[in-house]
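The structure under discussion appears below in the form of C-alpha coordinates.
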(Lines give C-alpha, C1' and ligand atoms only; values in the text may rest on other atoms or scores of the structure.)
Protein backbone atom coordinates (compact mmCIF):
# COMPACT_ATOMS: atom_id res chain seq x y z
CA UNK A 1 0.00 0.00 0.00
CA UNK A 2 2.81 2.47 0.64
CA UNK A 3 4.58 4.36 3.39
CA UNK A 4 2.83 7.14 5.31
CA UNK A 5 5.34 9.65 3.85
CA UNK A 6 3.94 8.92 0.38
CA UNK A 7 1.19 11.42 1.22
CA UNK A 8 3.57 14.41 1.28
CA UNK A 9 6.47 13.29 -0.93
CA UNK A 10 5.83 13.84 -4.65
CA UNK A 11 7.53 11.65 -7.27
CA UNK A 12 8.13 13.77 -10.35
CA UNK A 13 10.16 13.84 -13.55
CA UNK A 14 12.52 16.78 -13.98
CA UNK A 15 14.64 17.04 -17.16
CA UNK A 16 14.14 13.31 -17.71
CA UNK A 17 15.31 12.37 -14.23
CA UNK A 18 13.21 10.97 -11.44
CA UNK A 19 13.24 12.88 -8.16
CA UNK A 20 11.23 12.94 -4.94
CA UNK A 21 10.11 16.33 -3.74
CA UNK A 22 9.26 16.54 -0.03
CA UNK A 23 7.12 19.50 1.04
CA UNK A 24 7.41 20.27 4.74
CA UNK A 25 4.21 22.31 4.67
CA UNK A 26 2.27 19.27 3.38
CA UNK A 27 3.86 17.04 6.03
CA UNK A 28 2.88 19.42 8.87
CA UNK A 29 -0.63 19.83 7.50
CA UNK A 30 -1.07 16.07 7.15
CA UNK A 31 -0.07 15.36 10.77
CA UNK A 32 -2.45 18.05 12.00
CA UNK A 33 -5.31 16.33 10.18
CA UNK A 34 -4.23 12.78 11.11
CA UNK A 35 -2.41 12.91 14.45
CA UNK A 36 -3.17 9.24 15.18
CA UNK A 37 -1.64 7.93 11.94
CA UNK A 38 2.11 8.06 12.61
CA UNK A 39 2.63 4.61 11.09
CA UNK A 40 0.25 3.08 8.55
CA UNK A 41 0.63 -0.61 7.79
CA UNK A 42 -2.79 -1.99 6.87
CA UNK A 43 -5.20 -1.33 4.03
CA UNK A 44 -8.06 -0.19 6.28
CA UNK A 45 -5.95 2.65 7.71
CA UNK A 46 -4.98 3.86 4.25
CA UNK A 47 -8.60 3.74 3.17
CA UNK A 48 -9.63 5.81 6.20
CA UNK A 49 -7.01 8.45 5.30
CA UNK A 50 -7.99 8.45 1.63
CA UNK A 51 -11.70 8.69 2.43
CA UNK A 52 -11.07 11.71 4.66
CA UNK A 53 -8.79 13.41 2.10
CA UNK A 54 -11.42 12.96 -0.62
CA UNK A 55 -14.07 14.48 1.64
CA UNK A 56 -11.82 17.45 2.44
CA UNK A 57 -10.92 17.91 -1.23
CA UNK A 58 -14.55 18.66 -2.08
CA UNK A 59 -15.77 20.14 1.24
CA UNK A 60 -17.33 23.56 0.64
CA UNK A 61 -16.99 24.44 4.33
CA UNK A 62 -13.20 24.06 4.10
CA UNK A 63 -11.11 27.02 2.96
CA UNK A 64 -9.45 26.76 -0.47
CA UNK A 65 -5.90 26.17 0.92
CA UNK A 66 -7.18 23.17 2.91
CA UNK A 67 -8.93 21.68 -0.12
CA UNK A 68 -5.82 22.14 -2.26
CA UNK A 69 -3.58 20.58 0.37
CA UNK A 70 -5.86 17.52 0.62
CA UNK A 71 -5.69 17.14 -3.16
CA UNK A 72 -1.91 17.57 -3.13
CA UNK A 73 -1.55 14.72 -0.60
CA UNK A 74 -3.63 12.48 -2.86
CA UNK A 75 -1.50 13.47 -5.89
CA UNK A 76 1.63 12.55 -3.93
CA UNK A 77 0.27 9.11 -3.09
CA UNK A 78 -0.76 8.46 -6.71
CA UNK A 79 2.68 9.52 -8.00
CA UNK A 80 4.29 6.72 -5.95
CA UNK A 81 1.83 4.21 -7.38
CA UNK A 82 2.63 5.39 -10.92
CA UNK A 83 6.35 4.98 -10.31
CA UNK A 84 5.86 1.49 -8.82
CA UNK A 85 3.71 0.45 -11.80
CA UNK A 86 6.45 1.47 -14.26
CA UNK A 87 9.03 -0.52 -12.32
CA UNK A 88 6.76 -3.57 -12.24
CA UNK A 89 6.05 -3.39 -15.99
CA UNK A 90 9.75 -3.06 -16.79
CA UNK A 91 10.51 -6.01 -14.51
CA UNK A 92 7.91 -8.21 -16.17
CA UNK A 93 8.25 -7.25 -19.83
CA UNK A 94 11.37 -5.07 -20.18
CA UNK A 95 13.73 -7.83 -21.24
CA UNK A 96 11.27 -9.17 -23.79
CA UNK A 97 10.38 -5.73 -25.18
CA UNK A 98 13.87 -4.14 -24.87
CA UNK A 99 12.80 -1.25 -22.66
CA UNK A 100 13.52 -0.05 -19.12
CA UNK A 101 11.56 1.74 -16.41
CA UNK A 102 13.17 5.01 -17.56
CA UNK A 103 11.39 4.61 -20.91
CA UNK A 104 8.04 4.31 -19.11
CA UNK A 105 8.32 7.13 -16.58
CA UNK A 106 7.64 9.95 -19.12
CA UNK A 107 4.42 8.21 -20.19
CA UNK A 108 2.81 8.63 -16.75
CA UNK A 109 4.90 11.17 -14.80
CA UNK A 110 5.79 14.81 -15.37
CA UNK A 111 7.16 17.77 -13.44
CA UNK A 112 3.92 17.82 -11.42
CA UNK A 113 4.04 14.11 -10.57
CA UNK A 114 1.71 12.81 -13.28
CA UNK A 115 -0.83 15.56 -12.71
CA UNK A 116 -2.94 14.82 -15.82
CA UNK A 117 -3.36 11.09 -15.14
CA UNK A 118 -3.76 11.66 -11.39
CA UNK A 119 -6.59 14.15 -12.06
CA UNK A 120 -8.42 11.55 -14.15
CA UNK A 121 -7.98 8.96 -11.39
CA UNK A 122 -9.34 11.29 -8.70
CA UNK A 123 -12.36 12.17 -10.86
CA UNK A 124 -13.58 8.57 -10.70
CA UNK A 125 -12.11 7.35 -7.41
CA UNK A 126 -14.65 6.25 -4.80
CA UNK A 127 -13.04 5.41 -1.42
CA UNK A 128 -16.14 3.55 -0.29
CA UNK A 129 -15.50 0.94 -2.99
CA UNK A 130 -11.75 0.45 -3.03
CA UNK A 131 -8.43 1.89 -1.96
CA UNK A 132 -6.49 4.38 -4.08
CA UNK A 133 -3.68 1.94 -4.77
CA UNK A 134 -5.97 -0.60 -6.43
CA UNK A 135 -7.89 2.12 -8.26
CA UNK A 136 -4.65 3.56 -9.67
CA UNK A 137 -3.49 0.14 -10.87
CA UNK A 138 -6.74 -0.25 -12.79
CA UNK A 139 -6.32 3.17 -14.40
CA UNK A 140 -2.71 2.49 -15.40
CA UNK A 141 -3.70 -0.75 -17.09
CA UNK A 142 -6.06 1.24 -19.35
CA UNK A 143 -3.68 4.17 -19.97
CA UNK A 144 -3.49 4.45 -23.76
CA UNK A 145 0.09 5.82 -24.06
CA UNK A 146 1.41 2.88 -22.02
CA UNK A 147 -0.58 0.37 -24.07
CA UNK A 148 0.65 1.88 -27.36
CA UNK A 149 4.26 1.91 -26.16
CA UNK A 150 4.14 -1.75 -25.13
CA UNK A 151 2.50 -2.68 -28.43
CA UNK A 152 5.31 -0.91 -30.33
CA UNK A 153 7.76 -3.04 -28.31
CA UNK A 154 5.94 -6.22 -29.30
CA UNK A 155 4.12 -6.64 -25.97
CA UNK A 156 0.39 -7.12 -26.44
CA UNK A 157 -1.43 -6.28 -23.20
CA UNK A 158 -5.17 -6.82 -23.40
CA UNK A 159 -7.26 -4.12 -21.79
CA UNK A 160 -9.87 -5.00 -19.17
CA UNK A 161 -12.57 -4.30 -21.73
CA UNK A 162 -11.09 -6.65 -24.33
CA UNK A 163 -10.96 -9.38 -21.68
CA UNK A 164 -14.60 -8.81 -20.69
CA UNK A 165 -15.73 -8.88 -24.33
CA UNK A 166 -14.21 -12.35 -24.66
CA UNK A 167 -16.41 -13.97 -21.98
CA UNK A 168 -19.42 -14.21 -24.32
CA UNK A 169 -21.82 -16.39 -22.28
CA UNK A 170 -22.81 -17.49 -18.78
CA UNK A 171 -21.20 -20.94 -19.02
CA UNK A 172 -17.81 -19.42 -19.74
CA UNK A 173 -18.26 -16.90 -16.92
CA UNK A 174 -18.99 -19.69 -14.43
CA UNK A 175 -15.90 -21.57 -15.61
CA UNK A 176 -13.77 -18.45 -15.08
CA UNK A 177 -15.26 -17.98 -11.60
CA UNK A 178 -14.89 -21.65 -10.63
CA UNK A 179 -11.71 -21.04 -8.54
CA UNK A 180 -13.76 -18.54 -6.50
CA UNK A 181 -16.74 -20.87 -6.02
CA UNK A 182 -15.67 -21.60 -2.47
CA UNK A 183 -16.25 -17.98 -1.48
CA UNK A 184 -18.74 -16.55 -4.01
CA UNK A 185 -22.40 -17.28 -3.34
CA UNK A 186 -24.80 -18.18 -6.21
CA UNK A 187 -26.50 -14.79 -5.72
CA UNK A 188 -23.16 -13.01 -6.16
CA UNK A 189 -22.48 -14.96 -9.35
CA UNK A 190 -25.96 -14.01 -10.62
CA UNK A 191 -25.16 -10.39 -9.84
CA UNK A 192 -21.87 -10.57 -11.76
CA UNK A 193 -23.67 -12.00 -14.76
CA UNK A 194 -26.34 -9.26 -14.73
CA UNK A 195 -23.58 -6.64 -14.52
CA UNK A 196 -21.84 -8.24 -17.49
CA UNK A 197 -25.08 -8.41 -19.49
CA UNK A 198 -25.67 -4.69 -18.95
CA UNK A 199 -22.06 -4.00 -19.95
CA UNK A 200 -22.59 -5.96 -23.17
CA UNK A 201 -25.87 -4.16 -23.88
CA UNK A 202 -24.06 -0.81 -23.80
CA UNK A 203 -20.31 -1.11 -24.39
CA UNK A 204 -20.19 -4.04 -26.81
CA UNK A 205 -23.07 -2.67 -28.84
CA UNK A 206 -21.24 0.66 -29.15
CA UNK A 207 -18.08 -1.20 -30.18
CA UNK A 208 -19.92 -3.16 -32.88
CA UNK A 209 -21.43 0.04 -34.25
CA UNK A 210 -18.01 1.69 -34.40
CA UNK A 211 -16.64 -1.32 -36.28
CA UNK A 212 -19.51 -1.18 -38.79
CA UNK A 213 -18.66 2.49 -39.38
CA UNK A 214 -14.99 1.50 -39.88
CA UNK A 215 -13.84 3.35 -36.79
CA UNK A 216 -11.10 2.08 -34.53
CA UNK A 217 -12.11 -1.12 -32.73
CA UNK A 218 -9.56 -0.61 -29.94
CA UNK A 219 -11.19 -1.57 -26.66
CA UNK A 220 -10.77 1.77 -24.92
CA UNK A 221 -11.98 2.45 -21.36
CA UNK A 222 -15.67 2.99 -20.77
CA UNK A 223 -16.74 6.62 -20.90
CA UNK A 224 -18.74 8.35 -18.16
CA UNK A 225 -21.73 8.35 -20.49
CA UNK A 226 -21.43 4.59 -21.08
CA UNK A 227 -21.11 3.89 -17.36
CA UNK A 228 -24.28 5.85 -16.68
CA UNK A 229 -26.12 3.94 -19.42
CA UNK A 230 -24.99 0.66 -17.80
CA UNK A 231 -26.34 1.94 -14.46
CA UNK A 232 -29.67 2.78 -16.16
CA UNK A 233 -29.78 -0.67 -17.79
CA UNK A 234 -29.24 -2.35 -14.40
CA UNK A 235 -31.85 -0.18 -12.69
CA UNK A 236 -34.42 -1.12 -15.33
CA UNK A 237 -33.82 -4.74 -14.33
CA UNK A 238 -34.29 -4.10 -10.61
CA UNK A 239 -30.67 -3.53 -9.52
CA UNK A 240 -31.25 -0.17 -7.95
CA UNK A 241 -28.18 0.69 -5.91
CA UNK A 242 -25.48 0.75 -8.57
CA UNK A 243 -23.50 3.91 -9.25
CA UNK A 244 -21.07 4.62 -12.09
CA UNK A 245 -18.13 4.07 -9.73
CA UNK A 246 -19.48 0.72 -8.53
CA UNK A 247 -20.07 -0.41 -12.09
CA UNK A 248 -16.51 0.56 -13.06
CA UNK A 249 -14.95 -1.20 -10.09
CA UNK A 250 -17.12 -4.29 -10.50
CA UNK A 251 -16.09 -4.62 -14.16
CA UNK A 252 -12.40 -4.10 -13.37
CA UNK A 253 -12.59 -6.67 -10.58
CA UNK A 254 -14.12 -9.22 -12.96
CA UNK A 255 -11.52 -8.40 -15.65
CA UNK A 256 -8.74 -9.19 -13.16
CA UNK A 257 -10.30 -12.62 -12.55
CA UNK A 258 -10.43 -13.20 -16.32
CA UNK A 259 -6.78 -12.15 -16.61
CA UNK A 260 -5.77 -14.66 -13.92
CA UNK A 261 -7.83 -17.37 -15.58
CA UNK A 262 -6.24 -16.79 -18.99
CA UNK A 263 -2.71 -16.82 -17.62
CA UNK A 264 -3.52 -19.72 -15.23
CA UNK A 265 -1.94 -17.82 -12.34
CA UNK A 266 -2.58 -19.35 -8.92
CA UNK A 267 -4.70 -17.25 -6.62
CA UNK A 268 -1.94 -17.23 -4.04
CA UNK A 269 0.36 -15.05 -6.16
CA UNK A 270 0.42 -11.27 -5.58
CA UNK A 271 -2.92 -11.08 -3.84
CA UNK A 272 -4.18 -7.67 -2.80
CA UNK A 273 -7.39 -8.10 -0.79
CA UNK A 274 -8.99 -5.16 -2.55
CA UNK A 275 -8.46 -6.59 -6.02
CA UNK A 276 -10.67 -9.50 -4.99
CA UNK A 277 -13.47 -7.29 -3.69
CA UNK A 278 -16.79 -8.09 -5.35
CA UNK A 279 -18.81 -4.92 -5.65
CA UNK A 280 -22.28 -5.74 -6.85
CA UNK A 281 -25.80 -4.61 -6.09
CA UNK A 282 -26.28 -3.88 -2.38
CA UNK A 283 -29.88 -5.04 -2.46
CA UNK A 284 -28.72 -8.64 -2.79
CA UNK A 285 -28.35 -10.50 0.54
CA UNK A 286 -24.86 -11.26 1.86
CA UNK A 287 -23.34 -9.24 -0.90
CA UNK A 288 -21.48 -6.63 1.10
CA UNK A 289 -18.40 -8.03 2.86
CA UNK A 290 -16.28 -6.03 5.25
CA UNK A 291 -12.52 -6.04 4.81
CA UNK A 292 -11.86 -8.62 7.54
CA UNK A 293 -14.19 -11.08 5.79
CA UNK A 294 -12.49 -10.42 2.45
CA UNK A 295 -9.08 -11.05 3.99
CA UNK A 296 -10.37 -14.27 5.59
CA UNK A 297 -11.64 -15.56 2.25
CA UNK A 298 -8.43 -14.66 0.46
CA UNK A 299 -6.47 -16.33 3.26
CA UNK A 300 -8.63 -19.42 2.68
CA UNK A 301 -7.81 -19.40 -1.06
CA UNK A 302 -4.12 -19.01 -0.23
CA UNK A 303 -4.31 -21.99 2.13
CA UNK A 304 -6.15 -24.01 -0.52
CA UNK A 305 -3.47 -23.41 -3.15
CA UNK A 306 -0.78 -24.25 -0.62
CA UNK A 307 -2.43 -27.66 -0.21
CA UNK A 308 -2.66 -28.25 -3.97
CA UNK A 309 1.00 -29.15 -4.76
CA UNK A 310 1.25 -31.32 -1.62
CA UNK A 311 -1.90 -33.23 -2.58
CA UNK A 312 -0.67 -33.58 -6.18
CA UNK A 313 2.68 -35.01 -5.05
CA UNK A 314 0.90 -37.44 -2.75
CA UNK A 315 -1.50 -38.54 -5.51
CA UNK A 316 1.34 -39.12 -7.98
CA UNK A 317 3.32 -41.09 -5.40
CA UNK A 318 0.34 -43.34 -4.60
CA UNK A 319 -0.48 -44.04 -8.26
CA UNK A 320 3.06 -44.55 -9.59
CA UNK A 321 4.23 -46.61 -6.60
CA UNK A 322 1.19 -48.88 -6.96
CA UNK A 323 2.36 -49.73 -10.49
CA UNK A 324 5.98 -50.38 -9.57
CA UNK A 325 7.01 -54.07 -9.72
CA UNK A 326 8.38 -55.50 -6.48
CA UNK A 327 11.36 -57.33 -7.97
CA UNK A 328 14.51 -55.37 -8.86
CA UNK A 329 15.06 -56.19 -12.58
CA UNK A 330 11.46 -55.38 -13.54
CA UNK A 331 11.43 -52.37 -11.21
CA UNK A 332 14.59 -50.94 -12.79
CA UNK A 333 13.23 -51.37 -16.32
CA UNK A 334 9.91 -49.79 -15.31
CA UNK A 335 11.68 -46.70 -13.93
CA UNK A 336 13.87 -46.41 -17.03
CA UNK A 337 10.83 -46.48 -19.31
CA UNK A 338 8.96 -43.88 -17.25
CA UNK A 339 12.04 -41.65 -17.00
CA UNK A 340 12.68 -41.77 -20.77
CA UNK A 341 9.02 -41.07 -21.55
CA UNK A 342 8.20 -38.36 -19.01
CA UNK A 343 11.61 -36.74 -18.50
CA UNK A 344 13.49 -37.25 -21.76
CA UNK A 345 10.44 -36.95 -24.02
CA UNK A 346 11.20 -40.14 -25.98
CA UNK A 347 8.55 -42.10 -27.87
CA UNK A 348 7.85 -45.83 -27.55
CA UNK A 349 10.05 -46.85 -30.49
CA UNK A 350 13.04 -44.93 -29.14
CA UNK A 351 12.56 -46.37 -25.66
CA UNK A 352 12.28 -49.92 -27.07
CA UNK A 353 15.56 -49.47 -28.93
CA UNK A 354 17.29 -48.12 -25.82
CA UNK A 355 16.24 -50.97 -23.50
CA UNK A 356 16.28 -53.66 -26.24
CA UNK A 357 12.71 -54.79 -26.24
CA UNK A 358 9.63 -54.44 -28.44
CA UNK A 359 7.53 -51.28 -28.69
CA UNK A 360 4.57 -53.36 -27.51
CA UNK A 361 6.40 -54.20 -24.27
CA UNK A 362 7.11 -50.50 -23.70
CA UNK A 363 3.46 -49.65 -24.35
CA UNK A 364 2.38 -52.29 -21.83
CA UNK A 365 4.76 -50.87 -19.22
CA UNK A 366 3.38 -47.38 -19.76
CA UNK A 367 -0.15 -48.85 -19.87
CA UNK A 368 -2.77 -46.65 -21.51
CA UNK A 369 -1.07 -43.27 -21.12
CA UNK A 370 -4.36 -41.64 -20.34
CA UNK A 371 -5.14 -44.06 -17.49
CA UNK A 372 -2.38 -42.90 -15.18
CA UNK A 373 -3.66 -39.32 -15.44
CA UNK A 374 -7.20 -40.43 -14.62
CA UNK A 375 -5.94 -42.36 -11.60
CA UNK A 376 -3.95 -39.34 -10.41
CA UNK A 377 -6.95 -37.07 -10.98
CA UNK A 378 -9.17 -39.39 -8.91
CA UNK A 379 -6.64 -39.56 -6.05
CA UNK A 380 -6.03 -35.80 -6.18
CA UNK A 381 -9.75 -35.02 -6.00
CA UNK A 382 -10.19 -37.26 -2.97
CA UNK A 383 -7.21 -35.67 -1.20
CA UNK A 384 -8.30 -32.11 -2.03
CA UNK A 385 -11.86 -32.76 -0.86
CA UNK A 386 -10.59 -34.13 2.43
CA UNK A 387 -8.06 -31.32 3.01
CA UNK A 388 -10.53 -28.60 2.02
CA UNK A 389 -13.20 -29.94 4.36
CA UNK A 390 -10.66 -30.15 7.18
CA UNK A 391 -9.56 -26.59 6.49
CA UNK A 392 -13.06 -25.14 6.40
CA UNK A 393 -14.51 -27.20 9.23
CA UNK A 394 -11.65 -26.82 11.69
CA UNK A 395 -12.49 -25.17 14.98
CA UNK A 396 -10.11 -22.31 14.23
CA UNK A 397 -11.57 -21.72 10.78
CA UNK A 398 -13.26 -18.38 10.07
CA UNK A 399 -13.37 -18.73 6.32
CA UNK A 400 -16.88 -19.99 5.60
CA UNK A 401 -19.79 -20.21 8.02
CA UNK A 402 -21.15 -23.65 8.94
CA UNK A 403 -24.46 -23.17 7.10
CA UNK A 404 -22.56 -22.56 3.87
CA UNK A 405 -20.28 -25.50 4.63
CA UNK A 406 -23.22 -27.94 4.72
CA UNK A 407 -24.42 -26.69 1.35
CA UNK A 408 -20.86 -26.76 0.05
CA UNK A 409 -20.26 -30.42 0.89
CA UNK A 410 -22.53 -31.67 -1.89
CA UNK A 411 -20.92 -29.50 -4.58
CA UNK A 412 -17.32 -29.44 -3.36
CA UNK A 413 -16.12 -32.26 -5.61
CA UNK A 414 -17.63 -30.60 -8.69
CA UNK A 415 -15.99 -27.26 -7.83
CA UNK A 416 -12.58 -28.85 -7.29
CA UNK A 417 -12.89 -30.85 -10.51
CA UNK A 418 -13.52 -27.66 -12.47
CA UNK A 419 -10.42 -26.09 -10.91
CA UNK A 420 -8.02 -28.94 -11.78
CA UNK A 421 -9.48 -29.96 -15.16
CA UNK A 422 -7.43 -27.49 -17.28
CA UNK A 423 -4.16 -28.87 -15.88
CA UNK A 424 -5.13 -32.48 -16.61
CA UNK A 425 -6.45 -31.64 -20.08
CA UNK A 426 -3.08 -30.09 -20.91
CA UNK A 427 -1.18 -33.06 -19.44
CA UNK A 428 -3.19 -35.59 -21.50
CA UNK A 429 -2.86 -33.52 -24.69
CA UNK A 430 0.92 -33.47 -24.28
CA UNK A 431 1.07 -37.27 -24.32
CA UNK A 432 0.00 -37.33 -27.95
CA UNK A 433 2.18 -34.50 -29.29
CA UNK A 434 5.42 -34.83 -31.24
CA UNK A 435 8.84 -35.28 -29.71
CA UNK A 436 9.70 -31.66 -30.46
CA UNK A 437 6.98 -30.56 -28.03
CA UNK A 438 8.30 -31.01 -24.47
CA UNK A 439 5.96 -31.93 -21.63
CA UNK A 440 5.48 -28.70 -19.69
CA UNK A 441 2.24 -29.26 -17.76
CA UNK A 442 2.44 -29.28 -13.98
CA UNK A 443 1.16 -32.89 -13.85
CA UNK A 444 3.79 -34.28 -16.24
CA UNK A 445 6.58 -32.23 -14.69
CA UNK A 446 5.72 -33.56 -11.21
CA UNK A 447 5.58 -37.15 -12.49
CA UNK A 448 9.05 -36.65 -13.95
CA UNK A 449 10.25 -35.19 -10.65
CA UNK A 450 8.94 -38.18 -8.71
CA UNK A 451 10.49 -40.69 -11.14
CA UNK A 452 13.86 -38.95 -10.86
CA UNK A 453 13.62 -39.11 -7.08
CA UNK A 454 13.07 -42.85 -7.31
CA UNK A 455 16.03 -43.31 -9.67
CA UNK A 456 18.28 -41.22 -7.44
CA UNK A 457 18.92 -38.49 -10.04
CA UNK A 458 17.72 -35.77 -7.69
CA UNK A 459 19.48 -34.77 -4.51
CA UNK A 460 16.91 -34.10 -1.79
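The values are calculated or read from the model by the stated rules, or taken from the named source; none is laboratory data. Just so you know, these numbers come straight off a predicted model, no measurement behind them. Cβ sites come from the backbone with ideal geometry, for glycine too, and all protein chains shown count toward neighbours.
Summed over the range 163-185, residues that are at pLDDT 80 or above and either out of contact with any helix residue (DSSP H, G or I) (no Cβ under 8 Å at 6 or more places or on another chain) or on the phi > 0 side of the Ramachandran plot (or both) total 3.
Where helices (runs of 4 or more DSSP H) sit wholly within the range 137-200, those with at least 3 residues that are surrounded by 18 or more Cβ atoms within 10 Å (Cβ to Cβ) occupy 144-152, 160-165, 186-199. Among the conditions (1) surrounded by 13 or more Cβ atoms within 10 Å (Cβ to Cβ); (2) touching a helix residue (DSSP H, G or I) at 6+ places or on another chain (Cβ under 7 Å); (3) at negative phi; (4) at pLDDT below 90, the only one that residue 39 does not satisfy is (1). Within the range 14-36, if we keep just the residues that are surrounded by 12 or more Cβ atoms within 10 Å (Cβ to Cβ) and in contact with a strand residue (DSSP E or B) (Cβ under 8 Å, 6 or more places away or on another chain), the residue that is modelled with the lowest pLDDT turns out to be 23.
So that you can scan it fast, the table gives a plain yes or no per residue for (1) within 25 Å of residue 176 (Cα to Cα); (2) outside the structural domain of residue 132 (by TED's automatic domain parsing); (3) modelled with pLDDT under 80:
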residue	(1), (2), (3)
192	yes, yes, no
197	yes, yes, no
207	yes, yes, yes
216	no, yes, yes
224	no, yes, no
237	yes, yes, no
248	yes, yes, no
255	yes, yes, no
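Going by what's in this entry, would residue 122 be described as touching a residue at least 60 places away in the same chain (Cβ under 8 Å) and closer than 23 Å to residue 19 by Cα? It is true that residue 122 is touching a residue at least 60 places away in the same chain (Cβ under 8 Å) and closer than 23 Å to residue 19 by Cα.
Counted as qualifying within the range 50-134 are the helices (runs of 4 or more DSSP H) with 3 or more residues that are in the same structural domain as residue 10 (by TED's automatic domain parsing), out of contact with any strand residue (DSSP E or B) (no Cβ under 8 Å at 6 or more places or on another chain) and more than 24 Å from residue 248 (Cα to Cα), namely 64-97, 101-108.
When 280, 242 are checked against the criterion of being assigned to a loop (DSSP other than H, G, I, E, B), farther than 15 Å from residue 160 by Cβ and at pLDDT 85 or above, 242 stands alone in meeting it.
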